[in-house]
1. Scan segment 270-311 residue by residue and report those that are assigned to a helix (DSSP H, G or I), modelled with pLDDT of 85 or more and in contact with a helix residue (DSSP H, G or I) (Cβ under 9 Å, 6 or more places away or on another chain).
2. Return only the number of the condition from (1) of a type in the set (Val, Ile, Thr); (2) surrounded by 16 or more Cβ atoms within 10 Å (Cβ to Cβ); (3) touching a residue at least 12 places away in the same chain (Cβ under 8 Å) that Ile116 does not satisfy.
3. Kindly indicate whether any position in segment 127-144 is small (Gly, Ala, Ser), under 29 Å from the mean Cα position of the chain (by Cα), within 18 Å of Val194 (Cα to Cα) and at pLDDT 95 or above.
4. Could you please tell me which pairs satisfy a Cβ distance under 7 Å, a separation of 6+ or placement on different chains, a first residue in segment 140-151 that is more than 20 Å from Ala128 (Cβ to Cβ), and a second residue that is open to solvent by less than 10 Å² (accessible area, probe 1.4 Å)?
5. Output the number of the condition that Glu198 fails; it satisfies all remaining conditions of (1) under 28 Å from Glu85 (Cα atoms); (2) without any contact (Cβ under 8 Å) to a residue 40 or more places away in the chain.
6. Identify the residue in segment 261-286 that is of a type in the set (A, V, I, L, M), out of contact with any strand residue (DSSP E or B) (no Cβ under 9 Å at 6 or more places or on another chain) and surrounded by fewer than 18 Cβ atoms within 10 Å (Cβ to Cβ) and, among all such residues, is nearest to Val6 (Cα to Cα).
7. Given the conditions (1) surrounded by fewer than 24 Cβ atoms within 10 Å (Cβ to Cβ); (2) in contact (Cβ under 8 Å) with a residue 24 or more places away in the chain, and given that Thr105 satisfies all but one, which numbered condition is not satisfied?
8. Report the residue count in segment 122-146 for those that are touching a Pro at 6+ places or on another chain (Cβ under 9 Å) and open to solvent by less than 20 Å² (accessible area, probe 1.4 Å).
Amino acid sequence: MATDQVRIKVFDTTLRDGEQSPGCSMNHQEKLRLAHQLDRLGVDVIEAGFPIASDGDFEAVKAIAAVIRRPIIAGLCRACRPDIERAWEALQHAAHPRIHVFLATSDIHLKYKLRITRDECLAQAREAVAFARSLCSDVEFSPEDATRTDPEFLCQVLDAVVAAGATTLNIPDTVGYTVPAEFGDLIATIRRRVKGIENVTISAHCHNDLGMAVANTMAAVAAGARQVECTINGIGERAGNASLEEIVMAMRVRRDRYPYETAIAAEHLFPASQLLSEITGVPVQPNKAVTGRNAFAHEAGIHQDGVLKNPLTYEIMTPQSVGVPDSKLVLGKHSGRHALAIRCEQLGYQFDRRALDDIYRRFVRLADKIKHVEDHHLLELIRDTHKPAGSATPLFEPLQPPVAAAASAADPEPPRPFPMAQQPNAFSVPVPAEHHHDQQQEDYLWGV
């Protein structure tokens, strides 16, 4: 079956577009560290940065190009000679370099930002790509704000850059404006009308301003795009980019609808997500698909009961398939007796049905007052439910030596809770001390 599947290239722009997200800027060593993780993940292209933006960005791109040898290393540049020369200077020692040239094509950008005419835009795009191609055999061109560009003019620009030597045509939804059916139609139009399109790769680069970046990307793939541009955790300008992990797992889980394959090693998705969060200090939202801490957590009693019997009842992918250690049952007001009983057993207690019902009634009252019932709450509830009236038995007691043989069999030692470890998060990973990073925004002024 795999031999019949179409191969989709994964272009990761976490180090360029993702880094432009407020608070997500990275220094040289942090970029290099994340680049190694992206290499392990199996991405086809790493867009390492925007070399002309700063000396630091130039040095980071140059270092990544020198040491990361398997994937293509791309550098972004505007459609002008100084940018292209600077990008090539940073990329020239890469095993597989790519110069990524962009130029806005929508009328609103031409009039208010660039202040040039359509004819001037067409000539500039053609000349920039031809110059880039004279330096590098792999040239990608992006018509910025493509989804708000007149389709007729967009195709004229794409015709010109293909003739000038572009090998990849990236179609950016720069401001997250398009919707899936519309974007799919645009890709189909480009495939139908652009001369020489059979010799180049069509790529999709979608932003998430309306929450449809991944849906738009998948529509583009279905319409013929064979490269997807995305970021870890979906970070990026404003509302972010299409999320790499969501695109990859949509193809894995729904092969019936998306019969495509990638080179991504999915078990490295969660580690990549965690590393990026650690580097930037920006946490992943709890309900984030695939890598959020609640992605494999279950609180509702019906869900918990089903997962305990067979995880496939409520999990369409296994936690391990994306590198998450395990799923977790979260005890809250929606939890049922089954999950409560399992957690009590994990804490060293077993109850018959009548005793469990008694604890469950008290548990529900407590869960109505607090968001989540943690282990220490549950242990205290168990002790309060079953200790004699007026007892001052503490919640946590030191482990006792073995009971002497003379102890009465009719009055056995009550079970003790085992020592509590550091509280884990929803993926059974110990939670580190909270830390904050300075929120600093990089103002690059330009970007696809």
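1. To start, the set of residues in segment 270-311 that are assigned to a helix (DSSP H, G or I) comprises 270-280, 301-309, 311.
Add one more test, that the residue is modelled with pLDDT of 85 or more, and what stays is 270-277, 279-280.
Phe270, Pro271, Ala272, Ser273, Leu275, Leu276, Ser277, Ile279, Thr280, listed by residue number.
2. For Ile116, the exception is condition (3).
3. Applying the first criterion (small (Gly, Ala, Ser)) to segment 127-144 yields 128, 130, 132, 134, 137, 142.
Going one step further and asking which of them are under 29 Å from the mean Cα position of the chain (by Cα), we end up with 142.
Those left that are additionally within 18 Å of Val194 (Cα to Cα): 142.
Next, only the ones that are at pLDDT 95 or above stay: 142.
Yes - at least one qualifying residue is present in segment 127-144.
4. Correct list of pairs: Thr147/Asp173; Thr147/Thr178; Thr147/Phe183; Arg148/Ser106.
5. (1)
6. Out of the qualifying residues, it is Ala265.
7. Only one criterion in (1) surrounded by fewer than 24 Cβ atoms within 10 Å (Cβ to Cβ); (2) in contact (Cβ under 8 Å) with a residue 24 or more places away in the chain is unmet by Thr105, namely (1).
8. Total meeting the criteria: 7.
The values are calculated or read from the model by the stated rules, or taken from the named source; none is laboratory data. Since the model is a prediction, treat every value here as computed from it, not as a measurement. Neighbour counts are summed over all protein chains in view; Cβ atoms, including those assigned to glycine, are modelled from backbone coordinates with ideal geometry. Surface areas here come from the heavy atoms of the whole protein model, side chains and all, with no ligands, DNA or RNA. Shrake-Rupley method; radii C 1.70, N 1.55, O 1.52, S 1.80 Å.
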